[in-house]
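Input: a single structure, listed below in structure tokens.
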Amino acid sequence: MIDEQTEKRQGSFWRELPILLGVAILVAVLVRAFVLQTFYIPSPSMQHTLELWDRVLVNKLVYDFREPRRGEIVVFKAPGAWQSGNEGEDFIKRVIGQPGDNVVCCDTERRLMINGKSLDEPYVYVESDGTRDQVASHDFNITVPEGRLWVMGDHRQASGDSLQHYTDAAATDEAGKVNEATVPIDSVVGRAFTIFWPVGRATWLSVPDEFDSIPDAGK
């Protein structure tokens, strides 16, 4: 009797196993599509916050409920003019300006200014000899259009970001240049919130405190 019950349980397990595997795969696909996704870092544009080949976890759900905020590190589908030939290429940068923000380079201490407030940026790349990147290679004064973001890499001199595309813009008018330089919010895949590999570099990617003092646009 015991052997028969054991055989029935084993038979039931093997019949249910494909269903369990199918459910697990479906859950994994749904999580990747709508909730979380991993990305690796293929370029030095976010050093030393993110190093080459770091792997980050991206929250794909958060911006269904709110817009990206200053200081957050976001993954986005690169605009056509930003792509290097790989259609649908993903970029990762830090949000510097939200819609309506006035972003200016620079104050008398060569710091960016957002809505009239100077921004200290402790994350900007520093060479091994202590030389720090300039926060911007060109002076500029722009207002971020509605529905778009001004984004920059932490390694400013190695980043194809909003500033580079602003200075290289094909457009001849200011509005066109700013449009080419900014990223549509609806192209943002999600927020990178943690480095999880390599294990020795695992850390949360929190928003630096310096952004707390930046006033909202128009205030």
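Among the residues of region 178-210, those identified as free of Cβ contacts under 8 Å to residues at least 24 places away in the same chain and either within 14 Å of W150 (Cα to Cα) or assigned to a helix (DSSP H, G or I) (or both) are V199, G200, D209. Going through (1) under 20 Å from M46 (Cβ atoms); (2) assigned to a strand (DSSP E or B); (3) small (G, A, S) one by one, S118 falls short only on (1). How about region 175-219: which of its residues are open to solvent by 60 Å² or more (accessible area, probe 1.4 Å), within 29 Å of G80 (Cβ to Cβ) and either touching a strand residue (DSSP E or B) at 6+ places or on another chain (Cβ under 8 Å) or among the basic types (K, R) (or both)? Answer for region 175-219, where residues must be open to solvent by 60 Å² or more (accessible area, probe 1.4 Å), within 29 Å of G80 (Cβ to Cβ) and either touching a strand residue (DSSP E or B) at 6+ places or on another chain (Cβ under 8 Å) or among the basic types (K, R) (or both): just N179.
Okay, residues lined up against (1) without any contact (Cβ under 8 Å) to a residue 60 or more places away in the chain; (2) among the aliphatic types (A, V, I, L, M); (3) open to solvent by 30 Å² or more (accessible area, probe 1.4 Å):
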{"residue": "I41", "(1), (2), (3)": "yes, yes, no"}
{"residue": "H48", "(1), (2), (3)": "no, no, yes"}
{"residue": "E51", "(1), (2), (3)": "no, no, yes"}
{"residue": "E67", "(1), (2), (3)": "no, no, yes"}
{"residue": "R70", "(1), (2), (3)": "no, no, no"}
{"residue": "V75", "(1), (2), (3)": "no, yes, no"}
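Applying the selection to region 45-62, what residues are under 12 Å from the mean Cα position of the chain (by Cα) and farther than 15 Å from R94 by Cβ? The answer is L57, N59, K60. For region 117-161, the set of residues classified as of a type in the set (D, E) and closer than 16 Å to G97 by Cα consists of D120, E121, D139, E146, D154, D161, listed by residue number.
Of the residues screened, R94 is not one that is at pLDDT 95 or above and open to solvent by 20 Å² or more (accessible area, probe 1.4 Å).
Residues that are of a type in the set (D, E, K, R): which strands (runs of 3 or more DSSP E) entirely in region 44-107 hold 3 or more of them?
Values: elements: 55-59, 73-77, 90-97, 102-105.
Hits in region 44-107: 90-97.
Of everything in region 133-167, what is over 22 Å from the mean Cα position of the chain (by Cα) and open to solvent by 80 Å² or more (accessible area, probe 1.4 Å)? Give them in sequence order. The answer is H138, D139, N141.
In region 168-178, the count of residues that are within 19 Å of the chain's Cα centre (by Cα) and either within 23 Å of D90 (Cβ to Cβ) or aromatic (F, W, Y) (or both) is zero. Taking region 136-177 as the range and being under 22 Å from P42 (Cα atoms) and assigned to a loop (DSSP other than H, G, I, E, B) as the test, the residues that pass are G153, D154, H155, S159, G160, D161.
The values are calculated or read from the model by the stated rules, or taken from the named source; none is laboratory data. What you see is a predicted model; the values in this text were computed from it and never measured. Ideal geometry is used to build each Cβ from the backbone, glycine not excepted, and the neighbour counts take in all protein chains shown. The accessibility values were calculated without ligands, DNA or RNA, using every heavy atom of the protein model including side chains. Shrake-Rupley method; radii C 1.70, N 1.55, O 1.52, S 1.80 Å.
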